[in-house]
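**Q** Just dropping this structure here.
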Amino acid sequence: MSVLTLVDATLRDHLRSLLSPYGLQIEWVSAAVPIPGSYWGESEAGLIGDRLYLRHDTPLHSALHEAAHFVCMTAPRRAALERDAGGDHSEENAVCYLQILWGDELPGVGRERILADMDAWGYTFRLGSAARWFEEDASDARQWLQSESILRENGALSGRCRS
């Protein structure tokens, strides 16, 4: 299975709508041009300040992951952001959890596809798969998102970044 990319214009529009409440701007990069701010290189998403750099061949899970880093980091880190989002283990777990939740917000995608793409790309979780981690071992990530007001107590997305 190949991972879902941003080749579809409708998906790109839905992604822009999903991320706009967070103040994150999407910048499209031409094919075969290196993506500015990409931590992993190749077609992976890049992050500089409040700009998420993407190409049509960027995997959706990569775009969501980098966007989630932007949302989960503190305001001073967002202001100085260039390529390496940093953060601790708890924040990284929250980033993964948020990107999975966002999958359900994108019509025609769903969390199952994001989970499968995370496994295909090589995310590693101690329970062996992203789905098992999300269902059985991610309560700390959910609580972290709630404590930072990114996720409401009822599980709904707040549309806010960490302050």
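The values are calculated or read from the model by the stated rules, or taken from the named source; none is laboratory data. Note that the structure is a prediction, hence the values are computed from the model and not measured. Here the Cβ is made from the backbone with ideal geometry for all residues, glycine too, and neighbour counts use every protein chain on show.
**Q** If you scan the stretch 40-97, which residues turn out to be acidic (Asp, Glu) and within 13 Å of the chain's Cα centre (by Cα)?
**A** Correct list: Glu44, Glu66, Glu91, Glu92.
**Q** Also, I was wondering about something else. Going by what's in this entry, would Arg12 be described as at pLDDT below 95, in a helix (DSSP H, G or I) and surrounded by 13 or more Cβ atoms within 10 Å (Cβ to Cβ)? Show your work before the answer.
**A** Values: at pLDDT below 95: no; in a helix (DSSP H, G or I): yes; surrounded by 13 or more Cβ atoms within 10 Å (Cβ to Cβ): yes.
No: the conditions fail for Arg12.
**Q** Would you be able to tell me the number of residues in the stretch 7-41 that are without any contact (Cβ under 8 Å) to a residue 12 or more places away in the chain and of a type in the set (Asp, Glu)?
**A** Residues in the stretch 7-41 being without any contact (Cβ under 8 Å) to a residue 12 or more places away in the chain and of a type in the set (Asp, Glu): 2 in total.
**Q** Just name the residue that is surrounded by the fewest Cβ atoms within 10 Å (Cβ to Cβ) out of those in the stretch 138-157 that are part of a loop (DSSP other than H, G, I, E, B) and in contact with a helix residue (DSSP H, G or I) (Cβ under 9 Å, 6 or more places away or on another chain).
**A** So, considering only residues that are part of a loop (DSSP other than H, G, I, E, B) and in contact with a helix residue (DSSP H, G or I) (Cβ under 9 Å, 6 or more places away or on another chain), the one surrounded by the fewest Cβ atoms within 10 Å (Cβ to Cβ) is Glu153.
**Q** Let me ask something else about it. What single numbered condition from (1) at pLDDT below 95; (2) over 17 Å from Tyr22 (Cβ atoms); (3) within 13 Å of the chain's Cα centre (by Cα) fails to hold for Leu115?
**A** (1)
Here is a yes/no grid of residues against (1) at pLDDT below 95; (2) surrounded by fewer than 20 Cβ atoms within 10 Å (Cβ to Cβ):
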site	(1), (2)
Tyr39	yes, yes
Leu52	no, no
Ser62	no, no
Glu66	no, no
His89	yes, yes
Asp104	no, yes
